[in-house]
Amino acid sequence: FIACAHPGTAHDPAFMICRGCGSIAEAQAEAALAESAAQSGFQVEQTVIEAEGLCPSCQPEAAQ
């Protein structure tokens, strides 16, 4: 688990974790999951999303 930059506030964080340098960026999670859950009758109590990839500094030049 990753430490949240906004503890104590009501929000659904999405963490982007660089597998190259280990840097972490936090963003607000999209509402799509909550909408899909509501359509199926599922009540989401908490959402935390972690995505792994490469930050701009760690991406190979060929991919940019």
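Out of all the residues in region 1-25, which are assigned to a loop (DSSP other than H, G, I, E, B), modelled with pLDDT under 90 and not aromatic (Phe, Trp, Tyr)? Hits for region 1-25 are 2, 3, 4, 5, 6, 7, 8, 9, 10, 11, 12.
Go through region 26-44 residue by residue and tally those that are modelled with pLDDT of 90 or more and outside any helix (DSSP H, G or I). Total meeting the criteria: 2.
The values are calculated or read from the model by the stated rules, or taken from the named source; none is laboratory data. Here the structure is a predicted model, which means the values were calculated and not measured.
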